[in-house]
Amino acid sequence: MNVFIDAKLNTIPGIIDEKVMLELKKFMGEEGDELEQELIGMYLSKTPTLLSAITADLNNGDLTALKVHVHTLKGSSAQLGIIGVSNLCKHIEELISGGAFTEIPDQIKQLETLFRQVKKYYSK
């Protein structure tokens, strides 16, 4: 995937949509900037554990846990405007529901790659 950062929009097209976070910051008023830092910090610190759980679920063939962990990551990503991760999680959910298990390992690798891009973006 060829990703570029659009400085004008302060986003990574197709992966991060900061308009979502801007709306939340507006809603929170004076505390918005602090809340943004907290939420992004929690996301960046907790997602690696969730990704490890997703990989373990796949390796153990635990589809129930895999669905739960992928769904959790989808929701937390969507709430912060990390749409690339959220959309990929939705796709993985669809693969699980459709029984397309052979495609899931590659999608999880892509999920890990997307998260590294997100982490790099927020570490600047």
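We did not get these values from a lab; they are worked out from the coordinates using the rules stated. If you're wondering where the values come from, they're calculated on a predicted model, not measured in any experiment. Please note: Cβ atoms are built from the backbone with ideal geometry, for glycine as well, and neighbour counts cover all protein chains shown.
Is there a residue being in contact (Cβ under 8 Å) with a residue 24 or more places away in the chain, farther than 19 Å from Gly41 by Cβ, over 12 Å from the mean Cα position of the chain (by Cα) and in a helix (DSSP H, G or I) anywhere in region 106-119?
No, every residue in region 106-119 fails to be in contact (Cβ under 8 Å) with a residue 24 or more places away in the chain, farther than 19 Å from Gly41 by Cβ, over 12 Å from the mean Cα position of the chain (by Cα) and in a helix (DSSP H, G or I).
I'd like the full set of residues that are loosely packed, with under 13 Cβ neighbours inside 10 Å and not in a helix (DSSP H, G or I), limited to region 43-73.
Gly61
Test Ile15 against the stated conditions and say whether it is under 20 Å from Leu114 (Cβ atoms), of a type in the set (Val, Ile, Thr) and under 10 Å from the mean Cα position of the chain (by Cα).
For Ile15, the condition - under 20 Å from Leu114 (Cβ atoms), of a type in the set (Val, Ile, Thr) and under 10 Å from the mean Cα position of the chain (by Cα) - is met.
Answer yes or no as to whether Lys74 is basic (Lys, Arg) and touching a Ser or Thr at 6+ places or on another chain (Cβ under 9 Å).
Here the answer is yes, as Lys74 does meet what is asked.
Could you say which residue among Gly75, Gly99, Gly61, Gly84 is without any contact (Cβ under 8 Å) to a residue 40 or more places away in the chain, small (Gly, Ala, Ser) and within 30 Å of Phe27 (Cα to Cα)?
Gly75
If we keep just the residues of region 27-55 that are without any contact (Cβ under 8 Å) to a residue 24 or more places away in the chain and among the polar types (S, T, N, Q), which is farthest from Thr113 (Cα to Cα)?
Only one residue tops the list, namely Gln37.
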